[in-house]
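Some notes on the structure that comes next.
Read-outs: derived from the displayed coordinates by stated rules, not from any lab. For clarity, every value in this text was computed on a predicted model and none was experimentally measured. All Cβ positions, glycine included, derive from the backbone under ideal geometry; neighbour counts span all protein chains shown.
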Ligand SMILES: Nc1nc2c(ncn2[C@@H]2O[C@H](COP(=O)(O)OP(=O)(O)OP(=O)(O)O)[C@@H](O)[C@H]2O)c(=O)[nH]1
Ligand SMILES: [Mg+2]
């Protein structure tokens with residue numbers, strides 16, 4: 001599928017769950033659906049609403065790129081994280 | 001003055017602690033290596049300071065036991081360590097923006113703080129330049145670039161420690177409402193942008209490719225088994241030469257003592273009790289050294305976290321988290337540090353199940369037992385002997401998996417905590433760290449051989465020798481017969497009769513000794529497993545430490561041997577020749593297999609029980625551990641022996 005260069009990421013794509021994104025894609029955290037304790041640690045590692053994250057490898061568990069570190073995360077946990085996929089490399093304009 | 005070393009896991013706190021204090025706490029490229037606070041001292045100018053190495057933390061909200069321990073100590077709430085005079089925040093310079101999140105919270109504690117910007121060697125190699133002075137101004141506390149591995153920058157760090165002041169008050173978080181993380185991250189992004197001159201180069205293609213393979217759901221698991229196979233192959237192939245050397249050394253030492261000392265109880269004690277007993281265990285020093293050396297190298301590369309990552313999916317089927325996998329791996333060296341390493345498992349039930357099954361994995365203390373039985377089963381076939389080893393390890397692993405599965409469905413039900421595990425970047429392993437760990441473990445092993453094992457060997461020798469008894473009537477008769485035969489010139493028959501007489505004498509001497517009586521007392525319980533009363537003595541004596549069985553059997557069967565034997569080639573030879581009173585072999589295939597299974601599965605280590613009690617805070621769990629493992633061991637040995645006997649493999 002081709003996308004136009006001008007397209008901005010935030011508006012054009014519907015939010016998706018983190019465990020549905022393809023490997024290598026970037027996204028911005030939209031909201032987090034659970035208050036599970038394990039998520040606290042992920043949040044202290046850089047998972048935070050409005051911040052950009054990267055899916056290094058999709059699967060169960062998946063590898064998340066957070067703040068320059070790679071974190072292995074169960075997809076059971078990732079499914080509670082709703083993100084706004086980015087269409088191009090950077091999502092700078094998304095962070096408002 | 002007391003300072004704590006705090007920071008994100010894997011930032012190099014323990015490496016810095018070792019560099020400053022000269023101690024040798026365990027370090028590895030795995031987040032969660034340190035699980036206990038450790039106090040050390042170091043001279044600094046004219047005074048002495050105390051350093052407290054803490055487990056790594058990500059946040060001020062603990063989600064696992066070791067983080068709670070670290071937070072309590074950091075916030076001065078720990079009864080053991082009291083309050084602090086300052087904090088050294090150890091940060092990984094290659095990932096400043098992440099570290100700043102924690103630094104900002106520690107700075108707000110109003111204690112004197114200094115930031116040790118560690119691993120600047122790696123940051124520089126990655127093309128990153130950090131302006132320490134600017135960063136210090138942003139944080140309001142001194143920032144010292146250091147390389148903990150080589151000691152670069154430690155002098156400056158020491159000097160700074162001498163003049164610590166509380167940081168200028170600042171509140172990064174302004175009015176933090178809603179997501180308490182958000183403002184902090186915005187702040188750390190901004191600070192990183194101002195202080196880091198060059199962005200880090202992306203990791204090399206090679207690292208990415210290797211990592212891609214090692215974390216692949218299928219290839220990763222295959223790679224893991226390849227790594228493990230290679231590790232064990234290395235241990236056994238490299239260790240065989242020094243092991244033969246040590247074996248020969250002790251044999252010739254025993255021979256020398258026999259030739260020089262006159263026949264006496266003392267000579268007997270030296271040869272059978274001391275040299276035969278402790279020597280039999282010392283042979284395994286090379287294997288233990290290589291095992292720990294290789295494990296340390298592997299840990300230092302950063303592979304361990306990948307292994308835990310790929311095993312997570314498989315482990316979930318059993319009901320355990322992937323993090324339980326690292327303690328399980330280290331349980332193959334020793335269950336004690338492994339049980340302590342379970343602190344990184346967040347869920348209490350998962351942690352308990354892991355602790356309960358850890359002693360089933362074949363620890364290094366079982367290596368002597370496996371080696372002995374492999375040698376007895378397949379004396380001259382190295383391939384089949386190594387198969388025995390593989391089988392024993394596999395039985396341990398399968399049993400642990402089975403028991404964990406059962407426990408997670410009955411006693412300790414509950415879904416396990418989902419995985420959140422940082423995969424650290426690969427590092428060149430440090431040979432120095434590996435060598436130091438190896439020396440430390442070798443020292444522990446030697447100390448054990450020189451104290452508890454030697455003590456038990458000598459005590460056993462005494463129990464097996466005293467009280468002395470008269471030779472039985474048949475033996476006396478045979479002896480006379482031999483004399484007559486010899487007079488008639490039938491030397492061969494005479495020697496045979498003589499040997500038979502000696503065997504009978506030795507047997508009755510041992511049977512009437514204190515150890516023999518104990519052995520006979522428990523024999524009815526062990527006979528269905530194919531064990532005789534001498535093996536019974538071995539099993540009792542090895543309750544405190546399992547490798548003792550090797551020395552015990554060497555002593556127990558050795559006592560029955562003619563001490564003036566020409567030239568004892570190997571310490572096992574007396575075992576291989578061992579016969580029951582009726583002249584049949586003791587170590588038949590069925591008995592060896594049954595004994596092997598018993599030793600794979602039985603709980604025979606007082607130290608493990610003690611540590612289980614300490615980590616679970618109750619006697620209930622060590623009792624359960626002992627109970628189920630004993631049942632399992634007995635059941636498996638019984639089944640194996642009876643089935644083999646029915647199949648005609650005696
Ligand atoms: N290249 C380099 N490696 C380092 C340096 N400092 C530490 N390391 C390595 O980083 C890894 C982690 O070091 P540790 O000292 O165990 O880290 P820690 O902060 O105590 O980790 P936890 O106890 O898990 O919280 C080890 O493999 C060290 O050898 C350094 O200055 N340079
Ligand atoms: Mg540490």
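Largest first, the three principal axis extents of the alpha carbons in chain B are 107, 56, 47 Å in whole numbers. What do you get for Rg/Rh of the protein assembly as shown when both radii come from the Cα atoms and Rh is the Kirkwood radius? Ratio value, two decimals: 1.07. Counting each DSSP H run of 4 or more residues in chain B as -39500 (n - 2.57), what helix-only mean residue ellipticity at 222 nm follows after dividing by all residues, to the nearest 500 deg cm²/dmol? Computed ellipticity for chain B at 222 nm equals -18500 deg cm²/dmol. FRET efficiency for the residue B:110 to residue A:17 pair, using the beta carbon distance and R₀ = 25 Å, is estimated at 0.05. P(r) for segment B:199-343, from all Cα pairs and a bin width of 5 Å, is 2, 8, 13, 14, 13, 11, 9, 8, 6, 5, 4, 3, 2, 1, 0, 0 %, short bins first. Global size of segment B:2-201: 15.7, 49 Å for Rg and Dmax (C-alpha atoms, Rg to one decimal, Dmax whole). Taking the longest Cα principal axis of chain B as reference, the axis of helix B:205-214 is set at about 50 degrees.
Percent of C-alpha pairs per 10 Å bin in segment B:433-494, short distances first: 18, 19, 16, 17, 14, 12, 4, 0. Rounded to the nearest 0.05, what FRET efficiency do residue B:466 and residue B:522 give with R0 = 35 Å and r taken as the Cβ-Cβ distance? Could you check? Here the calculated transfer efficiency is 0.95. Taking the centroid of alpha carbons for each part, segment B:620-650 and segment B:444-523 are 30 Å apart.
A Förster radius of 60 Å combined with the Cβ-Cβ distance from residue B:577 to residue B:228 puts the calculated FRET efficiency at roughly 0.95. Here the average projected area of the convex hull drawn through the C-alpha atoms of segment A:2-85 stands at 5.4 nm². With each label modelled as a point 7 angstrom along the Cα→C-beta vector, the residue B:512-residue B:218 pair spans 7.1 nm. Rounded, prolate or oblate: which fits segment B:356-506 when a ≥ b ≥ c are the square roots of the eigenvalues of the alpha-carbon gyration tensor, with rounded for a/c under 1.5 and prolate only if a/b beats b/c? Taking the square roots of the gyration eigenvalues as a ≥ b ≥ c, segment B:356-506 is prolate.
Give me Rg over Rh for segment B:320-389, both radii from the alpha carbons and Rh done the Kirkwood way, two decimal places. A ratio of 1.16. Taking 7 Å steps out from each Cα toward its Cβ at residue B:386 and residue B:411 produces label points 3.8 nm apart. Using only Cα atoms, find the angle between the long axis of helix B:548-559 and the longest principal axis of chain B, and express it within 0 to 90 degrees, rounded to the nearest 10. The answer is roughly 20 degrees. For chain B, find the longest principal axis of its Cα atoms and tell me its angle to the long axis of helix B:285-301, 0 to 90°, nearest 10. Roughly 20 degrees, rounded to the nearest 10. Modelled spin labels at residue A:35 and residue B:186, positioned 7 Å past Cα toward Cβ, are 2.4 nm from each other.
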